[in-house]
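Participant: I am attaching a structure below and will ask some questions about it afterwards.
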Amino acid sequence: MNRHYLKTYLARIVENPGWKLVSLLLSIGLWVVIRIAVVEAYEANQENRGPLASRQIQQVPIIIQTSSTDTNRYVIEPQVVSVSVQGQSVLLETLDAGRIRVVADLTQQSGEDAFAVALEVEVPDDFTFRDCQPQSIRVGRVN
């Protein structure tokens, strides 16, 4: 009985080979057409955005990050920085300082009254961060 079942199964696999070949070729052709359409749409979308360019965003405010238990007041110098970003030229035209986050993390600082802190910069996903001037700030604790 097992052998008979196997023969029946194999017979079904090889019956109508022409239709099965046509079905296979149609599915491969459909996959190729869809794949090409997706790739072309992506490339056209990238071309419509224009070439890559760089831009300097001035007067980006610095966000001070402290721990929730830190009750000190701080004075920072400077209070704004200049951030250089790279991206599609069309998108760069709409980028403003409000979409860029420059953070001075004071959570790991010891009890010093004056110290320097390196800045962390976050830009939107469509852009690449290039440079920040200055890269660190001076922080003073107000008594």
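Participant: Write down, largest first, the equivalent ellipsoid semi-axes of the range 28-90 in whole Å, where each equals the square root of 5 times an eigenvalue of the alpha-carbon gyration tensor.
Facilitator: 47, 19, 5
Participant: On to the next question. Any idea what angle helix 17-48 forms with the longest principal axis of the chain, computed on alpha-carbon atoms, 0 to 90 degrees, nearest 10?
Facilitator: On a 0 to 90 degree scale, this one is about 20.
Participant: Which one, (i) 30.2, 93; (ii) 25.8, 95; (iii) 14.0, 43, gives Rg and Dmax of the Cα atoms in Å as derived from the coordinates shown?
Facilitator: Among (i) 30.2, 93; (ii) 25.8, 95; (iii) 14.0, 43, the one calculated here is (i).
Participant: Give a quick list of GluC sites (Glu not before Pro) in the range 51-141 that DSSP marks as loop, anything other than H, G, I, E or B, with at most 14 other Cβ atoms within 10 Å.
Facilitator: Working: sites: GLU93, GLU112, GLU120, GLU122; in loops: GLU93, GLU112.
In loop regions of the range 51-141 (DSSP not H, G, I, E or B), the sparsely surrounded GluC sites (Glu not before Pro) are GLU93, GLU112.
Participant: Along the charge dipole of the chain, pointing to its positive end and built from +1/-1 on Cβ of Lys, Arg, Asp and Glu, which listed residue (LEU10, GLN65, PHE129) has its Cα farthest out?
Facilitator: Looking along the dipole axis, the top candidate is LEU10.
Since every read-out is calculated from the coordinates, none of them should be taken as a lab result. Owing to the predicted nature of the structure, the values given are computational and were not obtained by experimental measurement. Every residue, glycine as well, gets a Cβ built from its backbone with ideal geometry; the counts of neighbours run over all protein chains shown.
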